[in-house]
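Worksheet: the structure to be examined is printed underneath.
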Amino acid sequence: MSEITPFSPEEIAAEGLKLEEYEEIVKRLGRHPNKAELGMFGVMWSEHCCYKNSRPLLKQFPTEGKRILVGPGENAGVVDLGNGLRLAFKIESHNHPSAIEPFQGAATGVGGILRDIFTMGARPIAILNSLRFGNLEDARTRRIFQGVVEGIAHYGNCVGVPTVGGEVYFDSAYTGNPLVNAMALGLMETDEIVKAGASGIGNPVLYVGSTTGRDGMGGASFASAELSDESMDDRPAVQVGDPFLEKSLIEACLEAFKTGAVVAAQDMGAAGITCSTSEMAAKGGVGIELDLNKIPVREIGMMPYEYLLSESQERMLFVAAKGRERELIDIFHRWELQAVVAGKVIAEPIVRILFQGEVAAEIPATALADNTPIYHRELLPEPPEYAQKAWQWSSDSLPPCDAEGIEINGTKKTWNEILLHLLDTPTIASKHWVYRQYDHQVQNNTILLPGGADAAVIRVRPIEAKPSECTIGVAATTDCNPRYVYLNPYEGAKAAVAEAARNLSCVGAEPLAITDNLNFGSPEKPIGYWQLAEACCGVSDACRQLGTPVTGGNVSLYNETLDSQGNPQAIYPTPVIGMVGLIPDITKVCGQAWQQEGDFIYLLGQLNNIGTGRGRSRTTPTLGGSEYLAVIHNTVAGQPPVVDFELERKVQESCRYGIRQEWVKSAHDCSEGGLAVALAESCIGSKLGAEIKLADNQIQRWDEILFGESASQIIVSVNPQARDSWETYLQQNLGNYWQQIGKVTSARSPLKILTTKELSLINVKINDMSLAWQQAIERRLKVF
């Protein structure tokens, strides 16, 4: 590098740039950058903004479909629900900020994803979240967990958008690096979908919303680096949100969009002014000139570097139709928000930043937004050693077991005790402590409440429509079993997509499309890149098999914690799938709890000859990667379940059809904890018992049958009057892959799982199961 370089290697690294990337900047500019320009490149060339390690992998995703109106590349995806209704949705991460400042990190994650939605011209109607934390026995984990939940509740409740669903996992793999992924849905209110590409040379550029300060400085670069013991010093990189101001911003933006005077819009999220100006210019093939002296500020003495890298919240950039800027400014002033003409669209495709009458920065827009560095990394020729070693595990290495139980560390444990232990595991246990803090009924459109079903269900109601006039619903879920992905990234990612679709089918929804949040460690390490590449292949293949295109999402890499010795500890690879589905008639949905004593219980999908009633099914569930193996035997090994997509589609179609015919009264997929836990959850939710009979022929291990996990399994309950119609349909459409396994019993009855020889495997009272399941998290937090 030249001797006259104005920046030291340390200063370049502090912006998140490599020395070779700095040399590329010099080559593109034909000169050395100044401090402000270096900062702009630092944030825009971060993984968080430009996906320089993941973009080649994302190209394989299917992105088109009959209902896809807007795919990747805009602020959010948009799907067609029919009847003139259009749904915008997106998921994004706020992992590193939440690790350092849990409350504000999570709160501003919610605020950011909501802005992505209403920037498209859609009114936000629901929020979901996918959360991962370390072990709750750890005091720091408890602090982060409580702060994140409080932050999500604060922002969502104050802004008036219901938080209706999601998932929470606990595992020591996330101890230093929690995952906070926020998903939002919105119903389009404008005739035209508002996009980000600037156009119209001479059109004014408006800055609207809140003021700019020094909070959130360099947040995009911060999100693209490992967390270390010094990360607490990066608290200024954590933004501070104001949900009440955002509520005004939602209303003002939607009102402004309806005037037709807004040519393009972009929220100021990661990289703030730098990102919004460069992306709008690059997408429109034009340039933007912006004067920093016209930007409303909340702090004095700010320099261009600080303006450009600030991630102050609740701010937007508009391109307005020339001559109509006053009309827009008046709208924002009426909502008591800032609104100023701060620049204009120019023909030269550059971002030109002015400050105190001089040019503070001038960079080609594409160099910041899309013509960024891309790294094509080499994939390992074979799976890494850790995976190959894990795949060698088999259940033969476990202690022998029988119908009574299993010996653990010299003590015989009954299956009753094992079940109660699993129900007390925070990952499986009730998340009531979490969602009771969320207002999940604001807007009065929530059909199924959190905790009651496998997916959230929202009535699709335009702002001026009466509830009685609206019968269409949308279902949404977030899913990923990270242990599966760790053990086999390809199969685990396929399973995540399949489970998301299965959860939607369990409430009667037709899966439409996904948004994904790819949370991984460092792609610069061979294992990290192998995990990312294999998981992307799995997501892509599963989406094609299930007809659920990818409409966009987020990539969050470098989710690693550096310990005091500087050794990186990566999280489990966690490709979270956010999926939406269509419900034609919201009066025909169902939850996971039994509805009536005497209803027949059926198992749809894969299982090896376990039932005693009509039908037959196949494929033994596996203990590989299971919650049972991890919790009871402290082992993470084996191969996760493999999805048979032909069967998966048939199982889901059968479940949806049964719900719409009103034969199926409850539906619940078998996931963590297997068959026994799924049955227990249906009992707890209804306070009704169940009696299940399992065939005991050729059973090698009862723990595989009770707690083994398998893809493509759904437990449903059916009214006896519908039995013949239901079974005729199953025989014609599901072949042998179904089984009647029992009946719903009275409220005074326990969950009983017997063999055909009347051997009792499990016999547990509903109250005992409820106590373990409902108090697991509260007991660890000591918040009774």
Open item on the list: Which numbered condition in (1) within 34 Å of the chain's Cα centre (by Cα); (2) open to solvent by 70 Å² or more (accessible area, probe 1.4 Å) is the only one that residue 409 fails?
Closed with: (1)
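Here are 23, 15, 74, 47: which of them is among the acidic types (Asp, Glu) and free of Cβ contacts under 8 Å to residues at least 60 places away in the same chain? Outline the logic, then answer.
Numbers: 15 fails: free of Cβ contacts under 8 Å to residues at least 60 places away in the same chain; 74 fails: free of Cβ contacts under 8 Å to residues at least 60 places away in the same chain; 47 fails: free of Cβ contacts under 8 Å to residues at least 60 places away in the same chain.
Going through 23, 15, 74, 47 in turn, the sole match is 23.
A quick yes/no check of all residues on (1) under 30 Å from residue 69 (Cα atoms); (2) in contact (Cβ under 8 Å) with a residue 12 or more places away in the chain; (3) of a type outside the set (Ser, Thr, Tyr):
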site	(1), (2), (3)
538	yes, yes, yes
556	yes, yes, no
559	no, yes, yes
604	no, yes, yes
- [ ] Considering each of 367, 320, 387 in turn, give the residue that is over 20 Å from residue 280 (Cβ atoms), of a type outside the set (Val, Ile, Thr) and buried (at least 19 other Cβ atoms within 10 Å of the Cβ).
- [x] 387
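Keeping to the range 94-107, report how many residues are at pLDDT below 95 and not charged (D, E, K, R).
Initially, the range 94-107 is screened for residues at pLDDT below 95, giving 94-101, 104-105.
Remaining after also requiring not charged (D, E, K, R): 94-100, 104-105.
Qualifying residue count for the region: 9.
One line per residue, one yes/no per condition, for (1) on the phi > 0 side of the Ramachandran plot; (2) open to solvent by 10 Å² or more (accessible area, probe 1.4 Å); (3) assigned to a loop (DSSP other than H, G, I, E, B):
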site: 631; (1), (2), (3): no, yes, no
site: 636; (1), (2), (3): no, yes, yes
site: 639; (1), (2), (3): no, yes, yes
site: 651; (1), (2), (3): no, no, no
site: 659; (1), (2), (3): no, no, no
site: 666; (1), (2), (3): no, no, no
TODO: Return the only residue of 340, 297 being surrounded by fewer than 21 Cβ atoms within 10 Å (Cβ to Cβ), closer than 21 Å to residue 245 by Cβ and out of contact with any Ser or Thr (no Cβ under 6 Å at 6 or more places or on another chain).
DONE: 340
- [ ] Have a look at 353, 374 and point out the one that is at pLDDT 95 or above and of a type in the set (Val, Ile, Thr).
- [x] 353
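Scan the range 267-277 for residues that are of a type in the set (Val, Ile, Thr) and either open to solvent by 10 Å² or more (accessible area, probe 1.4 Å) or in a strand (DSSP E or B) (or both) and report the count.
Within the range 267-277, the subset of a type in the set (Val, Ile, Thr) is 273-274, 277.
Subsequent filtering for residues that are either open to solvent by 10 Å² or more (accessible area, probe 1.4 Å) or in a strand (DSSP E or B) (or both) retains none.
Residues meeting the conditions: 0.
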Task: Leading residue by the ranking (farthest from residue 678 (Cα to Cα)) among those in the range 383-406 that are acidic (Asp, Glu) and either modelled with pLDDT under 95 or touching a strand residue (DSSP E or B) at 6+ places or on another chain (Cβ under 7 Å) (or both) - done: 396
TODO: Go through the range 390-400 and count every residue that is in a helix (DSSP H, G or I) and open to solvent by less than 50 Å² (accessible area, probe 1.4 Å).
DONE: 2
Open item on the list: Take the residues in the range 1-40 that are crowded, with 18+ Cβ neighbours inside 10 Å and among the β-branched types (Val, Ile, Thr); name whichever of them is nearest to residue 368 (Cα to Cα).
Closed with: 25
Task: Subset tally (residues that are among the hydroxyl-bearing types (Ser, Thr, Tyr), assigned to a helix (DSSP H, G or I) and crowded, with 24+ Cβ neighbours inside 10 Å) for the range 140-181 - done: 2
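Table: residues versus (1) over 17 Å from residue 130 (Cβ atoms); (2) surrounded by fewer than 24 Cβ atoms within 10 Å (Cβ to Cβ).
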site	(1), (2)
504	no, no
512	yes, no
515	no, no
519	no, no
524	yes, yes
540	yes, yes
Task: Candidate set from the range 300-313 (those that are surrounded by 13 or more Cβ atoms within 10 Å (Cβ to Cβ) and of a type outside the set (A, V, I, L, M, F, W, C)); member that is nearest to residue 205 (Cα to Cα) - done: 307
TODO: List every residue pair whose Cβ atoms lie under 7 Å apart, where the two residues are 6 or more positions apart in sequence or sit on different chains, the first residue falls within the range 317-340 and is over 22 Å from residue 277 (Cβ atoms), and the second residue, located anywhere, is part of a loop (DSSP other than H, G, I, E, B) and hydroxyl-bearing (Ser, Thr, Tyr).
DONE: 327/259
Open item on the list: Checking the condition surrounded by 14 or more Cβ atoms within 10 Å (Cβ to Cβ), closer than 17 Å to residue 669 by Cα and not aromatic (Phe, Trp, Tyr), which residue from 772, 711, 776, 722 passes?
Closed with: 711
Task: Extreme residue, most open to solvent (accessible area, probe 1.4 Å), among residues of the range 82-139 that are touching an Asp or Glu at 6+ places or on another chain (Cβ under 8 Å) and among the acidic types (Asp, Glu) - done: 92
- [ ] Take the range 747-774 and flag every residue that is under 35 Å from the mean Cα position of the chain (by Cα), over 14 Å from residue 675 (Cα atoms) and part of a strand (DSSP E or B).
- [x] 764
Open item on the list: For the range 412-427, which positions are free of Cβ contacts under 8 Å to residues at least 12 places away in the same chain and either open to solvent by less than 60 Å² (accessible area, probe 1.4 Å) or acidic (Asp, Glu) (or both)?
Closed with: 414
- [ ] Of all residues in the range 173-209, count the ones that are of a type in the set (Ser, Thr, Tyr) and over 30 Å from residue 566 (Cα atoms).
- [x] 3
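Out of curiosity, is residue 479 among the acidic types (Asp, Glu) and farther than 22 Å from residue 637 by Cα? Reasoning before the result, please.
Working: among the acidic types (Asp, Glu): yes; farther than 22 Å from residue 637 by Cα: no.
No; evaluated as a whole, the condition is false for this residue.
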- [ ] Considering every residue within the range 683-695, establish whether at least one is touching a strand residue (DSSP E or B) at 6+ places or on another chain (Cβ under 8 Å), under 23 Å from residue 641 (Cβ atoms) and at pLDDT below 95.
- [x] yes
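One line per residue, one yes/no per condition, for (1) modelled with pLDDT under 95; (2) assigned to a helix (DSSP H, G or I); (3) not hydroxyl-bearing (Ser, Thr, Tyr):
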| site | (1), (2), (3) |
| --- | --- |
| 245 | no, yes, yes |
| 248 | no, yes, no |
| 255 | no, yes, yes |
| 265 | no, no, yes |
TODO: Six or more apart or on different chains, Cβ under 9 Å: which pairs go from a residue in the range 85-101 that's farther than 24 Å from residue 193 by Cβ to one that's among the aromatic types (Phe, Trp, Tyr) and crowded, with 24+ Cβ neighbours inside 10 Å? Could you list them?
DONE: 96/222; 96/558; 97/222; 100/222
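Could you please find all residues in the range 618-629 being open to solvent by 10 Å² or more (accessible area, probe 1.4 Å) and in a loop (DSSP other than H, G, I, E, B)? Talk me through it step by step, then tell me what you get.
As a first pass, look at the range 618-629 and keep what is open to solvent by 10 Å² or more (accessible area, probe 1.4 Å): 618-620, 622.
618, 619, 620, listed by residue number.
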TODO: Name every residue in the range 428-449 that is surrounded by 21 or more Cβ atoms within 10 Å (Cβ to Cβ), polar (S, T, N, Q) and under 24 Å from residue 136 (Cβ atoms), in order of residue number.
DONE: 430
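The values are calculated or read from the model by the stated rules, or taken from the named source; none is laboratory data. What you are looking at is a predicted structure, and each value in this text was computed from that prediction instead of being measured. Glycine gets a Cβ as well: all are built from the backbone with ideal geometry, and neighbour counts include every protein chain shown. Heavy atoms of the whole protein, side chains included, go into the accessibility calculation; ligands, DNA and RNA do not. Shrake-Rupley method; radii C 1.70, N 1.55, O 1.52, S 1.80 Å.
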